[in-house]
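As structure tokens, the structure follows; a few thoughts come after it.
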Amino acid sequence: MAFEIMSGSQAAAVAVQRSGVDMVSAYPITPQTAIVETLANFDARGELGGEFVSVESEYAALASCYGAAAAGARAFTATASHGLAYMHEVIHWCSGARVPIVMVNVNRTIGAPWCLDPDQGDSLSQRDTGWMQIYCSGAQEVLDTVMQAFLLSEELLLPCMVIFDGFYISHTYEAVDVPDLETARAFVGPPAFEAQLIPGGPANLHGLTTGDKQIGLVKNRHNCMLRAPEVFRRINSRFKETFGRGYDVIDSVIPPGVKTVILAAGATAETVRWALPKLEGTGLIQLRMFRPFPGPELCSVLEAHDIEKVVVIDRNCSTGMGGIFAQELQAAIYGMEKPPAVRDLILAGGIDLTLGMLDSALEEDMAGERSGQQWGDEL
């Protein structure tokens with residue numbers, strides 16, 4: 001392994017190349033274009049190791065990944081914002097068909113109007129489609145998570161979306177510990193799933209079914225996804241043995257005696273991590289795996305530290321309801337004996353998180369209320 005200076009998008013592409021992908025389906029869209037550009041350069045130099053397919057749309061990009069995965073190939077694509085929205089029909093189809101695909105989504109606001117800032121609403125609008133979702137806070141985490149995502153997806157036969165903020169991560173350069181090709185490919189190994197399509201073996205796949213059969217398929221898919229934290233930890237344990245670093249479905253930094261924590265996902269989690277020395281009496285919970293939602297893990301951490309207040313950073317907004325991460329947290333803690341109060345700081349539109357915003361959110365007196373909202377543009 002050796003450190004290299006690269007952006008989050010380049011780190012994602014390097015992870016794909018190191019993972020021995022069989023097919024990359026490429027369609028550019030800001031701010032993920034550098035991912036497919038870097039993979040195209042690997043292909044031009046004969047270093048990709050798989051097929052690089054240029055397609056005419058985001059819809060076609062995911063549809064071609066579906067076909068490749070159904071034939072037993074390790075497939076990858078990347079998108080953002082309106083590109084992800086355009087894929088919506090095929091996103092459902094891939095999870096229902098139980099094909100393992102890894103897709104990177106680089107968060108960008110969905111219009112109208114046009115806005116390039118990294119609102120998480122694009123990926124969160126796909127939260128009920130049956131894809132696992134993992135949010136990353138930096139380039140190193142992006143590289144490592146993409147490699148692990150192939151193994152996670154192939155074991156559970158569920159597609160996986162690896163997600164990070166546009167520009168804050170996709171275009172920011174940092175030192176990344178890059179595994180050598182031989183070690184990385186030995187870790188990921190060959191595709192570990194059976195093909196549904198076999199040459200010379202005609203079959204009718206995913207045709208018409210009835211509701212009484214469909215509910216069994218949905219239940220099975222749901223139960224498989226609930227296994228994702230356990231499978232991820234096993235993969236991560238082996239990753240840590242090989243590369244010397246590791247992650248969990250949530251990561252927490254909670255000093256002794258702290259009663260208030262900030263919950264964040266993506267680049268905002270890294271901002272909070274660096275700000276903690278200036279935020280006296282405050283801890284951090286980084287939400288990495290969002291689907292399945294790690295409710296038991298969150299409740300366990302909150303109970304263990306007797307947390308009284310959680311400030312949730314939501315770079316998104318479910319119109320008419322509020323921040324999505326805060327909603328999910330409130331549902332998860334409903335059954336706790338002493339649930340903490342939840343304050344939702346909404347940064348919809350991808351506006352930057354500042355120390356002043358954190359100070360204001362932490363100082364807000366909730367006066368016994370169990371929940372409340374603040375908007376970043378008002379602080």
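The values are calculated or read from the model by the stated rules, or taken from the named source; none is laboratory data. As the structure is a computational prediction, the values presented were derived from the model and not from experiment. Cβ: placed from backbone, ideal geometry, glycine included. Neighbour counts: every protein chain shown.
Quick notes
- Verdict on Ser318 being surrounded by 15 or more Cβ atoms within 10 Å (Cβ to Cβ) and of a type in the set (Ser, Thr, Tyr): yes
- Restricting Gly189, Gly111, Gly121 to residues that are on the phi > 0 side of the Ramachandran plot and in the same structural domain as His206 (by TED's automatic domain parsing) narrows the list to Gly189.
- Looking only at residues in region 272-302 that are buried (at least 21 other Cβ atoms within 10 Å of the Cβ) and more than 29 Å from Arg227 (Cβ to Cβ), the one that is farthest from the chain's Cα centre (by Cα) is Thr282.
- Count of region 278-313 residues which are of a type in the set (Ser, Thr, Tyr) and in contact (Cβ under 8 Å) with a residue 60 or more places away in the chain: 1
- Boolean, Ala186 is of a type in the set (A, V, I, L, M, F, W, C), assigned to a loop (DSSP other than H, G, I, E, B) and more than 24 Å from His222 (Cβ to Cβ): no
- Hey, Asn223 in the same structural domain as Val99 (by TED's automatic domain parsing), part of a helix (DSSP H, G or I) and surrounded by 17 or more Cβ atoms within 10 Å (Cβ to Cβ) or not: no
- Selected residue [under 18 Å from Phe232 (Cα atoms) and touching a Leu at 6+ places or on another chain (Cβ under 9 Å)] from Gly283, Gly295: Gly295
- Restricting region 1-22 to residues that are buried (at least 22 other Cβ atoms within 10 Å of the Cβ) and among the aliphatic types (A, V, I, L, M), the residue that is nearest to Ala68 (Cα to Cα): Val21
- Qualifying residue in region 339-352 (condition: farther than 23 Å from Cys136 by Cβ, of a type in the set (A, V, I, L, M, F, W, C) and surrounded by fewer than 16 Cβ atoms within 10 Å (Cβ to Cβ)): no
- When region 142-180 is filtered for residues that are part of a helix (DSSP H, G or I) and either within 27 Å of Leu116 (Cβ to Cβ) or free of Cβ contacts under 8 Å to residues at least 24 places away in the same chain (or both), the ones remaining, listed by number, are Val142, Leu143, Asp144, Thr145, Val146, Ala149.
- Note on region 224-272: residues that are under 14 Å from Tyr135 (Cβ atoms) and of a type in the set (D, E, K, R) total 3.
- Test for Val102: is it touching a Cys at 6+ places or on another chain (Cβ under 9 Å) and not in a helix (DSSP H, G or I): yes
- Members of region 16-31 found to be among the hydroxyl-bearing types (Ser, Thr, Tyr) and farther than 10 Å from Ala78 by Cα, listed by number: Ser19, Thr30
- Sole residue being among the aliphatic types (A, V, I, L, M) and more than 23 Å from Gly72 (Cα to Cα), chosen from Ala13, Ala34: Ala34
- Of the helices (runs of 4 or more DSSP H) entirely within region 1-92, those holding at least 3 residues that are more than 23 Å from the chain's Cα centre (by Cα) and either in contact (Cβ under 8 Å) with a residue 12 or more places away in the chain or more than 17 Å from Ile163 (Cα to Cα) (or both) occupy 33-44.
- Filtering Ala265, Ala269 for residues that are surrounded by 12 or more Cβ atoms within 10 Å (Cβ to Cβ), in contact with a helix residue (DSSP H, G or I) (Cβ under 8 Å, 6 or more places away or on another chain), closer than 24 Å to Pro118 by Cβ and not assigned by TED's automatic domain parsing to the domain that holds His92 leaves a single hit, Ala265.
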